[in-house]
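Asker: Please read through the structure below; I'll follow up with questions.
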Amino acid sequence: MSISTPLTALLGITHPILSAPMDTIAGARLAMAVSAAGGFGILGGGYGDKAWLEQETAKLRDVAQPFGIGFITWSLAKRPELLDIALAARPCAVMLSFGDPKPFAPRIKSSGALLICQVQDESMARQALDAGADMLIAQGSEAGGHGASRTTIDIVPAIVDLVAGRVPVAAAGGIADGRGVAAMMMLGASGVLLGTRFYASQECDGADEAKKRICAATSGSSIRSIIFDLSRNNVWPAPFDGRALINDHARRWMGREVELLQNIGAVAAEYAAARAAGNFDIAGVFAGEGVGLIHDIPPAAEIVDRIVTEADQILQGRRNSSAAPRG
């Protein structure tokens, strides 16, 4: 079974399912598992840890299936030499998010890799297209980790209309099952980028406790805020902030961000110690609004199969919910 779209044709994959390049927890193990299952795994280059990037890309050099490598664009601009490490692994595509892709586009495209850009509004989409993007990810505010304010159901059709068929558009933000995939395809998307659902997978390099918290969370258990960025001394440029699960630390500082900033020394030290100890009552678990749909930690291949099967049955009219197909 497969769902063929312009996205699958462009990337040379079977299923229109991409795994998000979650900073350091989306390692080679997860990227390879998603790609082997017929999706498109993307290594999480994130902020740019050179030693980690060299270690993980070395594992990808002999991978037969297409894969990608993703970076936070404004952070890559501080260490542009890291792009050379990524390109040496010969990825099918490089994904850039949160910043102007133009300074990096010529090197990416001249290497033979495709350029994927994640965008949160029309101006970012135009900037990406002007830079030569081969594909766009339209990311809504429901997404875990960092993003902006437009909802997925708003931003996806807006970007699809703006692109007008020039490049494929994938949707991201709050999607965790086949219903979400089918819904996004009805809005004109050619596929989806999933983060939180693959966070709760066996191959993800995230902490087991963080995965358990995702599975235990219910809808409405996340918050979009600058609290966790302030607490780790990693404030992002406007208009981006982060979505994470609500925990004791978030409850303590919600509405008191100025006070947090005034006490940043002590708070940052407490937060760093909590991260090192795996104390997620304080440390953040960056996860999206789809957590209420996630209840287990299966292999990535099983996630891909489940989602594609459900989406196909919905699109074929054989199912209209997450329940078993009608007889």
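Asker: Go ahead and set up a Gaussian network model of the chain, Cα springs under 10 Å, then flag whichever of Ala266, Ala26, Ala36 fluctuates most.
Answerer: Ala266
Asker: Same structure, new question: Please figure out what share of the DSSP beta bridges in region 1-153 is antiparallel and state it in percent, rounded to the nearest 5.
Answerer: Working: 0 of 20 bridges.
In region 1-153, DSSP labels about 0 percent of beta bridges as antiparallel.
Asker: For region 108-173, count the residues as N, evaluate 2.2 N^0.38 Å, and divide the Cα radius of gyration by that value, please.
Answerer: Values: Rg = 11.5 Å, N = 66, 2.2 N^0.38 = 10.8 Å.
Relative to the rule-of-thumb radius for its length, region 108-173 sits at 1.06.
Asker: Taking only Cα atoms of region 156-241, what ratio of Rg to Rh do you get with Rh as the Kirkwood inverse-distance radius? Before the final figure, lay out each step's value.
Answerer: On the way: Rg = 15.9 Å, Rh = 15.4 Å.
Rg/Rh: 1.04.
Asker: Put +1 on the Cβ of every Lys and Arg and -1 on every Asp and Glu Cβ in region 21-127; which of Pro101, Ala64, Met124 then has its Cα farthest towards the positive end of the dipole?
Answerer: Going by the charge dipole, the pick is Ala64.
Asker: While we're on this one: Could you work out how far the C-alpha centroid of region 153-212 sits from that of region 81-131, in angstrom?
Answerer: Taking the Cα centre of region 81-131 as reference, the centre of region 153-212 is 19 Å away.
Asker: Rg and Dmax in Å for region 202-311, alpha carbons only: what are they?
Answerer: 15.5, 51
Asker: Counting Lys +1, Arg +1, Asp -1, Glu -1, what net charge surrounds Gly147 among other residues with beta carbon under 13 Å of its beta carbon?
Answerer: -3
Asker: Tell me whether region 220-285 comes out rounded, prolate or oblate; compute the Cα gyration tensor, take square roots of the eigenvalues as a ≥ b ≥ c, and use a/c under 1.5 as the rounded threshold. It would help to have the intermediate numbers written out before the result.
Answerer: Values: a/c = 1.40, a/b = 1.07, b/c = 1.31.
In terms of gyration-tensor shape, rounded.
Asker: Using the Cα centre of region 42-90 as the reference point, and only Cβ charges (+1 on K/R, -1 on D/E), how large is the resulting charge dipole? Debye, rounded to the nearest 20.
Answerer: Details: 6 positive and 6 negative charges, 12 e Å.
The dipole magnitude comes to about 60 debye.
Asker: Could you please state how large a percent of the accessible area of region 54-133 is carbon and sulfur, counting protein chains only and using a 1.4 Å probe?
Answerer: Numbers: 1620 of 3300 Å².
C and S fraction of accessible area: 49 percent.
Asker: With charges set only on the Cβ (+1 for Lys and Arg, -1 for Asp and Glu), what does the dipole of the chain come to about its Cα centre, in debye to the nearest 20?
Answerer: Working: 29 positive and 33 negative charges, 55 e Å.
Value, rounded to 20: 260 debye.
Asker: Further question: Starting at the first residue of region 38-52, write each ³J(HN,Hα) from the Karplus equation 6.51 cos²θ - 1.76 cosθ + 1.60 with θ = phi - 60°, in whole Hz, x for Gly and Pro.
Answerer: x, x, 10, x, 10, 5, x, x, x, 6, x, 8, 4, 4, 5
Asker: Can you list residues from other chains, or at least 5 along the same chain, whose modelled amide H is less than 5 Å from the amide H of Gly191?
Answerer: The list, which skips near neighbours in sequence, is Ala171.
Asker: Considering the dipole of region 196-292 built from charges on the beta carbon (Lys and Arg +1, Asp and Glu -1) around the Cα centre, which of Gln262, Ile226, Leu245 is farthest to its positive end?
Answerer: Leu245
Asker: With all protein chains present, how much of the accessible area of region 201-327 (probe radius 1.4 Å) comes from carbon and sulfur, to the nearest whole percent? The partial results should precede the final answer.
Answerer: Values: 3100 of 6150 Å².
Percent of accessible area from carbon and sulfur atoms in region 201-327: 50.
Asker: Right, next: In percent, how large is the relative contact order of region 91-224, given Cα pairs closer than 8 Å and 6 or more residues apart?
Answerer: Relative contact order for region 91-224 comes out at 16 percent.
Asker: A further question on this structure: Near the amide H of Leu114, under 5 Å away, which other amide H atoms are found, from residues 5 or more places off or on another chain, if H is placed in the peptide plane?
Answerer: The answer is Ala93, Val94.
Asker: Continuing with this model, one more query. Give me the number: length gained by fully extending Asp161 to Arg252, i.e. 0.36 nm times residue separation minus the C-alpha to C-alpha distance, one decimal in nm.
Answerer: Numbers: separation 91, 0.36 × 91 = 32.76 nm, distance 4.18 nm.
Contour length minus Cα-Cα distance gives 28.6 nm.
Asker: Let me ask something additional. Among the lysines, select those whose C-alpha is under 18 Å from the C-alpha of Lys78, and discard any that sit fewer than 8 residues away in the same chain.
Answerer: List returned: Lys50, Lys102.
Asker: Under the definition of Cα pairs under 8 Å and six or more residues apart, what whole-number percent is the relative contact order of the chain?
Answerer: Working: 699 pairs, mean separation 56.6, N = 327.
Relative contact order for the chain comes out at 17 percent.
Asker: What are the equivalent ellipsoid semi-axes of the chain, built from the alpha-carbon gyration tensor (square roots of five times its eigenvalues), in whole angstrom, biggest first?
Answerer: Working: eigenvalues 159, 115, 75 Å².
Working through the eigenvalues yields semi-axes of 28, 24, 19 Å.
Asker: Still on this model: Near the amide H of Thr151, under 5 Å away, which other amide H atoms are found, from residues 5 or more places off or on another chain, if H is placed in the peptide plane?
Answerer: Ser141
Asker: May I pose another question? Would you mind getting me the FRET efficiency between Lys212 and Ala266? Use the beta-carbon distance for r and R0 = 30 Å, nearest 0.05. Could you put the intermediate results ahead of the total?
Answerer: Working: r = 29 Å, r/R0 = 0.96.
Using R0 = 30 Å, I get an efficiency of 0.55.
Asker: Compute the accessible area per residue over region 1-132, keeping the other protein chains in place, probe 1.4 Å, unit Å².
Answerer: On the way: 4920 Å² over 132 residues.
Per-residue value: 37 Å².
Asker: Follow-up. May I ask you to evaluate 6.51 cos²θ - 1.76 cosθ + 1.60, the Karplus curve with θ = phi - 60°, for each residue of region 226-233 and list the ³J(HN,Hα) values in order in whole Hz, giving x for glycine and proline?
Answerer: Calculated HN-Hα couplings, in order: 9, 4, 6, 5, 4, 5, 10, 6 Hz.
Asker: How many Å² of accessible area per residue for region 168-266, probe 1.4 Å? Don't jump to the answer; show the numbers that get you there.
Answerer: Working: 3920 Å² over 99 residues.
It amounts to 40 Å² per residue over region 168-266.
Asker: Which whole-number percentage describes the relative contact order of region 197-306, with Cα contacts under 8 Å and a sequence gap of 6 or more?
Answerer: Values: 146 pairs, mean separation 47.9, N = 110.
So the answer I get is 44 percent.
Asker: Would you please calculate the Kirkwood hydrodynamic radius of region 9-127 over all C-alpha pairs and express it in Å, rounded to one decimal?
Answerer: Details: mean 1/r = 0.0715 Å⁻¹.
Taking every pair of different Cα atoms in region 9-127, averaging 1/r and inverting gives 14.0 Å.
Asker: Tell me which GluC sites (Glu not before Pro) from region 66-160 have a DSSP coil assignment and no more than 12 other beta carbons within 10 Å of their own. Spell out each step's value before the answer.
Answerer: Working: sites: Glu81, Glu122, Glu142; in loops: Glu81, Glu142.
Those that pass, being in a loop and sparsely packed, are Glu81.
Asker: Give me the net charge for the shell around Ser219: Cβ to Cβ below 12 angstrom, other residues only, Lys and Arg +1, Asp and Glu -1. Walk me through the intermediate numbers first.
Answerer: Details: positive: none; negative: Glu142, Glu289.
Once all neighbours under 12 Å are counted, the net charge is -2.
Asker: Restricting to Cα atoms and excluding each atom paired with itself, what does the Kirkwood estimate give for region 52-193 in Å?
Answerer: Numbers: mean 1/r = 0.0648 Å⁻¹.
Over region 52-193, the inverse of the mean reciprocal pair distance is 15.4 Å.
The values are calculated or read from the model by the stated rules, or taken from the named source; none is laboratory data. Note that the coordinates shown come from a computational prediction; the quantities given were computed from them, not determined experimentally. Here the Cβ is made from the backbone with ideal geometry for all residues, glycine too, and neighbour counts use every protein chain on show. All accessible areas refer to the heavy atoms of the entire protein, side chains included, with ligands and DNA or RNA removed. Shrake-Rupley method; radii C 1.70, N 1.55, O 1.52, S 1.80 Å.
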